[in-house]
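Read through the structure below, which is laid out as structure tokens, and then see the notes.
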Amino acid sequence: MAKSAMRYSTAVEYISAELRQEILRGQLPPGERLILDVLAERFRTSPIPVREALRVLEAEGLIVMQAHRSALVAEISEVELEDLYRVRMLIDVEAVRWSHGKVTEENAKTIRAMIDRMEVLLSSHRDFAAFNLHRDIHFRIYQPCESPFLMGILQRLHAQSERFRDLAKPVRGSPKEVSNEHRKLLTAMRTGTAQEAGNLMKEHLQRTLDSIKAARSQTRVRNSRSA
């Protein structure tokens with residue numbers, strides 16, 4: 001493997017990580033065709049680890065396997081987007097409720113520092129690094145729920161929805177506003193009620209969904225004007 005791949009233990013991990021990042025960044029847009037042999041040449045490997053990497057991304061819902069040794073970056077309709085966030089408003093909220101009162105002061109201190117760092121990254125337009133940190137903040141908050149099954153479901157849901165965060169950024173609010181939502185949630189997890197924490201998480205997800213829909217609508221308008 002190349003030097004950039006040395007931190008991964010297998011070629012499958014490296015290839016899936018690289019393709020996942022490109023999908024989440026929008027470098028591989030919905031509907032983009034991924035050809036197994038072309039990817040094998042790009043990553044300087046045989047088709048076998050590429051195929052396994054694509055299977056990993058398929059399990060995450062990021063791609064759809066096709067016949068003739070290819071795959072497509074998964075597209076998602078307005079109905080599917082609504083459904084995805086409707087499920088997240090159940091699962092993420094439940095994870096918050098299960099974790100309520102279990103976030104230690106040491107862990108809370110770490111999460112506050114992560115939120116501060118996310119705000120700095122967003123303010124300096126280092127969006128992808130901020131989005132990665134955003135995901136880590138959420139899973140730090142959920143971790144005390146102590147349910148591997150629930151965490152596994154959350155990982156798949158977040159993989160599906162995180163790729164839309166970049167699209168939503170222009171209409172989502174300022175870095176300060178986004179960060180303060182997470183600070184309020186953390187405070188509720190520590191000193192508020194489980195109901196309050198759950199409500200804040202649901203509101204957070206609803207604002208993100210509304211921003212994604214608004215951004216998609218603006219994109220459709222721009223595309224129709226340029227057609």
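Across the chain, C-alpha contacts under 8 Å between residues 6 or more apart give a mean separation that, scaled by the residue count, equals a relative contact order of 22 percent.
Distances between placed amide hydrogens fall under 5 Å for Ser70 paired with Leu36, all partners being 5 or more residues away or on another chain. Here the extension length gained between Phe149 and Leu90 equals 19.8 nm, from 0.36 nm per residue of separation less the Cα-Cα distance. Amide hydrogen proximity for Leu28: with H placed 1.01 Å from N in the peptide plane, the residues at 5 or more positions away or on another chain lying under 5 Å are Ile23. Remark: Thr110, Thr219 ranked as Thr219, Thr110, counting other beta-carbon atoms within 10 Å and listing the fewest first.
How would you rank Phe149, Phe164, going from fewest to most other Cβ atoms within 10 Å of each one's own Cβ? All intermediate terms of the calculation are to be shown ahead of the outcome.
Numbers: Phe149 7, Phe164 22.
Lowest count first: Phe149, Phe164.
Length gained on full extension, Arg156 to Arg222, computed as 0.36 nm times the residue gap minus the Cα-Cα distance: 20.6 nm. Relative to the Cα centre, the charge distribution of segment 1-97, modelled as +1 at Lys and Arg Cβ and -1 at Asp and Glu Cβ, gives a dipole magnitude of about 500 debye. Compute the FRET efficiency between Arg207 and Leu72 as 1/(1 + (r/R0)^6), taking r as their Cβ-Cβ distance and R0 = 30 Å, and round to the nearest 0.05. Efficiency at R0 = 30 Å is approximately 0.50.
If the only charges are +1 at each Lys and Arg Cβ and -1 at each Asp and Glu Cβ, what is the size of the charge dipole of the chain around the Cα centre, to the nearest 20 debye? Intermediate results must be reported in sequence, preceding the final value.
Values: 36 positive and 30 negative charges, 101 e Å.
My answer is approximately 480 debye.
Taking every DSSP helix (H) stretch of at least 4 residues in the chain, weighting each as -39,500 (n - 2.57) and dividing the sum by the residue count yields a mean residue ellipticity at 222 nm of -24000 deg cm²/dmol. On the beta carbon distance between Ser124 and Glu32, with R0 = 22 Å, the FRET formula returns roughly 0.15. Annotation for segment 1-70 versus segment 114-163: alpha-carbon center distance of 22 Å.
Where a number appears in this text, it was derived from the coordinates with a stated rule and is not lab data. All figures in this text were calculated on a predicted structure; none of them were measured in a lab. For neighbour counting, all protein chains shown are included, and Cβ atoms are generated from backbone atoms with ideal geometry for every residue, glycine included.
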